[in-house]
Amino acid sequence: MASAVRAVLPLFQRPFSSGASNSLGVSAKRTLRYREKHVVALLLVFFTVICFGTIWFLPDLSSSLLPEDSAILSVYKRVQNAAPEFVLGIPPPPSLDEAETAPHKFEVHGHRLDIGKSRDKELLEAKINADKDVAKIVLERPMSIETGNRTGDVSININDEKKGDEKKTVIDHSLVPGSTAGGFFLGPIKGVIQGGEDPDPIIRERRNKVKEMMVHAWNGYAQYAWGMNEVRPISQKPHNPGIFGHGGLGATIVDGLDTLFIMGLMDEFQKGRDWVAQHFHIESADSLVSVFETNIRFVGGFLACYALSGDPVFIQKAEETAEHLLPAFQSPTGIPYSLVNINSGASKNYNWASGSASILSELGTLHLEFAYLSDITGRPVFREKVQHIRDFLQDLKKPKGLYPNYLNPKSGKWGQAHVSMGALGDSFYEYLLKSYIQMNGKDVQAREMYSEAVTAVSKYLLKKSKGGLIYFADMRFERLEHKMDHLACFAGGMYALGAKAINDSSSAYYMSMAKEIAHTCHESYSRTPTGLGPESFRFNEPGSEAQTSRHNEKYYILRPETFETYFVLWRLTKDPIYREWGWEAVQ
């Protein structure tokens with residue numbers, strides 16, 4: 001460092017004109033002062049170090065696959081070990097070693113897969129087409145299932161489109177894999193699970209295509225990541241994101257079982273059910289997990305499977321999982337923390353969340369699961385925990401009737417003045433309405449809180465663009481940001497469902513707004529090259545409404561909110577446009 005300073009000092013010995021004259025009228029010249037020389041010299045040294053540092057110390061990025069000992073990967077691992085909450089859901093860079101030792105994992109139909117070009121449409125389509133033969137076999141399975149007269153008898157309707165007739169057979173419960181002779185139990189299923197019986201052949205074909213997509217996704221996960229939380233479809237490697245701790249909890253299995261059941265994919269359902277019974281242990285998370293994510297994926301997933309199948313193993317697993325979430329409620333106010341250590345019970349909030357506050361959408365998205373769990377287990381503790389949250393929120397003073405996104409679990413006061421129907425707020429409102437429906441209209445508190453909340457949201461956040469699109473803006477410190485998250489697209493379905501369930505003088509207005517929101521979200525899809533909507537979209541300029549120019553918003557991560565709105569509006573209105581919009585996204 002000293003030698004570098006000495007090397008550059010001679011550059012500053014040259015005199016500079018001051019541009020002024022002395023008292024004799026002679027132009028005076030002076031050199032830089034000693035302190036000024038050192039300041040300039042230090043600046044030069046600083047920029048020299050930065051420039052040479054980028055050359056010598058940054059990793060080689062010439063390859064799309066980074067070696068295991070690369071600087072990027074080592075930094076990722078250090079951050080992951082020191083503060084896992086900073087890398088929640090962020091995958092590490094891929095491994096060069098794996099590409100060399102298992103090159104088949106990076107090939108599709110013999111073509112080398114460049115991860116840097118993972119969106120190559122032709123390669124991805126080729127991968128999907130490769131699974132079609134398997135999918136066709138699966139699609140030949142029965143589509144409609146109902147219980148027989150005695151517990152466990154299964155009546156299967158097989159629709160033969162070519163012959164135009166229907167066959168029916170009854171399978172003895174003892175012959176079903178894993179039955180009482182092996183653990184499988186089909187209990188209180190009421191009615192028929194609808195399959196491919198739609199009279200419209202085009203609809204039947206489309207439905208089968210969606211089912212084929214499910215089979216493709218499930219088979220890919222089962223082949224490359226069975227028992228882990230997720231699969232990376234391009235590198236074909238398992239992935240366990242930090243929100244579920246360090247262990248593999250089979251999140252994809254648990255989260256997908258009810259869909260498999262509804263689609264009639266009973267072999268896959270049985271395989272997943274058996275894995276849950278034998279291998280799922282919430283204690284294997286062995287670190288901090290997200291209370292919110294663990295509840296909706298695991299507790300909710302198990303409860304949905306129990307509601308569909310009646311298999312008691314799902315009650316057991318749901319209860320065990322929820323039991324390990326209870327320590328998160330041990331705050332001075334009873335408002336749960338966002339993260340809990342499954343084994344120690346230690347809880348905390350995210351540091352980034354407005355001074356370590358709890359998040360509205362997370363603390364408000366527990367009620368349906370915990371209330372139902374109390375109902376079927378007879379243990380009131382779960383309902384009591386979430387009912388306390390509801391009571392606490394009802395008693396709080398809301399600015400303009402709005403619910404800010406942050407609530408401090410220690411002081412019980414609102415955090416940063418940010419209100420949103422998208423990220424951080426969304427499902428709180430949804431759960432108020434669905435709790436009212438879940439209780440068959442008897443949860444008056446939920447209905448009142450929902451009605452008051454959506455009245456305020458509609459007044460202050462629901463806006464109309466210059467181009468005529470209805471959207472939800474975000475509010476920060478009473479100033480609107482004209483941006484709508486994809487997450488907020490669920491609200492079209494929520495408004496429609498509320499209009500139907502509550503059915504009062506405001507129903508016509510909310511149904512109208514539901515259709516407008518659905519239209520806006522469809523526009524966010526149709527105005528992109530892929531036909532898939534961005535993570536967020538904006539309404540600042542008339543020529544680019546429902547679009548985004550920001551790179552950090554130009555991505556799609558299988559968000560379901562828009563499709564839920566299409567689904568609810570189709571069921572309530574029977575307008576075929578919502579099926580058509582859904583099919584556009586499928587394509």
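General remarks:
- Spacing of the two label points (7 Å from each Cα toward its C-beta) at A277 and F477, in nm: 5.8 nm
- Convex hull volume of region 282-378 per residue (C-alpha atoms, cubic angstrom): 95 Å³
- The stretch between T530 and Q394, if pulled fully straight at 0.36 nm per residue, gains 44.7 nm over its current Cα-Cα span.
- Solvent-accessible surface of protein heavy atoms, probed at 1.4 angstrom with all chains present, puts Y460, Y436 in the order Y460, Y436, largest first.
- Viscosity 1.002 mPa s, temperature 20 °C, Stokes-Einstein D of region 239-320 from Kirkwood C-alpha radius, µm²/s: 170 µm²/s
- Simple spin-label estimate for S344 and L326 gives 2.1 nm between the two label positions (7 Å along the Cα-to-Cβ direction from each Cα).
- In nm, spacing of pseudo-spin labels at F567 and R35 (7 Å Cα→C-beta vector): 7.0 nm
- Taking all protein chains together, D395, D485 sort by accessible area into D395, D485, largest first [probe 1.4 Å].
- Cα centroid separation, region 528-585 to region 319-361 (Å): 33 Å
- Computed about its Cα centre, the charge dipole of region 440-586 is approximately 120 debye, with only Lys, Arg, Asp and Glu carrying charge at their Cβ.
- Compactness index (Cα Rg / 2.2 N^0.38 Å), region 440-586: 1.05
- When nucleic acids and ligands are ignored and a 1.4 Å probe is applied, H482 ends up with an accessible area of around 60 Å².
- F490 accessible area, assembled protein chains, probe 1.4 Å, Å²: 10 Å²
- Full-stretch length increase - I262, F46 - with 0.36 nm per residue and alpha-carbon distance subtracted: 71.4 nm
- Too-long pairs where the Cα-Cα distance tops 20 Å, listed order kept, from K398/K466; K459/K483; K209/K500; K400/K463; K348/K483: K398/K466; K209/K500; K348/K483
- Checking every one of the trypsin sites (Lys or Arg not before Pro) in region 457-540 against DSSP loop status and a limit of 12 other Cβ atoms within 10 Å picks out K466.
- Largest to smallest accessible area among W352, W218 [probe 1.4 Å]: W352, W218
The values are calculated or read from the model by the stated rules, or taken from the named source; none is laboratory data. Only a predicted model underlies this, so the values are computations on that prediction, with no experimental measurement involved. Here Cβ is always computed from backbone atoms with ideal geometry, including for glycine, and neighbour counts include all displayed protein chains. Remember, those area values only see protein heavy atoms, side chains included, never the ligands or the DNA or RNA. Shrake-Rupley method; radii C 1.70, N 1.55, O 1.52, S 1.80 Å.
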